[in-house]
1. Report yes if A90 is open to solvent by less than 90 Å² (accessible area, probe 1.4 Å), at pLDDT 85 or above and either of a type in the set (S, T, Y) or farther than 20 Å from D124 by Cα (or both), otherwise no.
2. What's the total number of residues in segment 124-136 that are open to solvent by 50 Å² or more (accessible area, probe 1.4 Å) and farther than 17 Å from R160 by Cα?
3. Kindly indicate which of G110, G163, G153, G121 is surrounded by fewer than 20 Cβ atoms within 10 Å (Cβ to Cβ), at pLDDT below 90 and in a helix (DSSP H, G or I).
4. Does M101 satisfy being under 25 Å from Q43 (Cβ atoms) and either in contact (Cβ under 8 Å) with a residue 12 or more places away in the chain or open to solvent by less than 30 Å² (accessible area, probe 1.4 Å) (or both)?
Amino acid sequence: MAARRPPKAQVAWSQVRAKLSDFDRAGLITLLHDLYAASKENQAFLRSRFGLGGDPLEPYKQAIAGSLWPDWNKPASVAAKKAISGYRKANGGAEDMVELMIFSCEQAAGFIRDAGLQDEGYFDALVRMYGRALAAVAALQNPRRAEQIERLGGVRALCRDIGYGVFDEMTMLLEESGFESQQ
């Protein structure tokens, strides 16, 4: 019979913050360097937070595209939500969030059409993201709104013949948003 491990102790942010107060400036910079070097996600977060390295959305778009429209030898994943959440934590500008949501919908719909995917969970995730994107566009007051609605209309059009009620659900969401007259 295997020995049971004791439960892991939860470490609160206040404990981490207390330890950070012991660091001097050079120590904090070294810590941030180590975090930066530890993962691509950390690099994307810090670049986005500090507005460095060109398009701050690019690493997040790459993650979305890789999860929603994978190489043929990899399964499709709905992990795009994680990339969007990561950007929200790093920077979270409302217009950029809308861009990532719409890009996510475009990638998912394109993959469905390209691969002939028949996965109800994937379809449900697409419809949920489509609804979130519509709500986010509605909350913005920007000159690009018509372009964003047009892109979402393109996603809906790609889904016309895939079945499972996806097109109908998107149409209902579009009507509920009040943007259907713009299509």
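The values are calculated or read from the model by the stated rules, or taken from the named source; none is laboratory data. Just so it is clear, the model here is predicted, and its values are computed rather than measured. Virtual Cβ from ideal backbone geometry, glycine too; neighbours counted across all protein chains shown. Just so you know, the surface numbers come from the protein's heavy atoms only, side chains and all, with ligands and any DNA or RNA stripped out. Shrake-Rupley method; radii C 1.70, N 1.55, O 1.52, S 1.80 Å.
1. Here the answer is no, as A90 does not meet what is asked.
2. Step one: filter segment 124-136 for residues open to solvent by 50 Å² or more (accessible area, probe 1.4 Å), giving 124, 128, 132, 135.
Cutting the leftovers down to farther than 17 Å from R160 by Cα gives us 132, 135.
Looking only at that region, the number is 2.
3. G121
4. Spelling it out, M101 is indeed under 25 Å from Q43 (Cβ atoms) and either in contact (Cβ under 8 Å) with a residue 12 or more places away in the chain or open to solvent by less than 30 Å² (accessible area, probe 1.4 Å) (or both).
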